[in-house]
Amino acid sequence: MSTYNLMSKEILGDICPQLKQLRLERGLSLEEVQALAHISHKLLKRVEQNKCLPFSCLRKLLELYGKKMKIVIE
């Protein structure tokens, strides 16, 4: 497995659970987030299952939840 794939899974494991938690804290269903963020239900489920996270989807979800992302490179 390449380093790229390992890093991608590590990033998914850090971010995806936080996105699900933000949704739950706001009392939103997947269907509500789909309608508000214009993201397909299937994609949202995949994001919350740590299977994928397109940047465009991340941006829309962060906007919806009123959050910003800070990237730190070490």
Cβ pairs under 7 Å, 6+ apart, first in the stretch 59-74 and among the charged types (D, E, K, R), second not in a loop (DSSP other than H, G, I, E, B): LYS60/ALA37; LYS67/LEU22; LYS68/LEU62
Cross-chain or 6+ apart pairs with Cβ under 8 Å, the stretch 28-46 first and closer than 12 Å to CYS57 by Cα, then hydroxyl-bearing (Ser, Thr, Tyr): GLN34/SER40
Failed item in (1) assigned to a loop (DSSP other than H, G, I, E, B); (2) among the hydrophobic types (A, V, I, L, M, F, W, C); (3) within 12 Å of the chain's Cα centre (by Cα), with LEU62 passing the rest: (1)
Enumeration of residues in the stretch 9-59 that are more than 10 Å from the chain's Cα centre (by Cα), assigned to a helix (DSSP H, G or I) and β-branched (Val, Ile, Thr): ILE11, VAL33
Total residues in the stretch 5-58, condition acidic (Asp, Glu), over 22 Å from LYS70 (Cα atoms) and surrounded by fewer than 12 Cβ atoms within 10 Å (Cβ to Cβ): 1
Some residue of the stretch 63-70 being at pLDDT 90 or above and of a type in the set (A, V, I, L, M): yes
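The values are calculated or read from the model by the stated rules, or taken from the named source; none is laboratory data. Just so we're clear, the structure is a prediction, and the values are computed from it rather than from any experiment. Because the Cβ atoms are built from the backbone with ideal geometry, glycine has one as well, and the counts that use them run over all protein chains shown.
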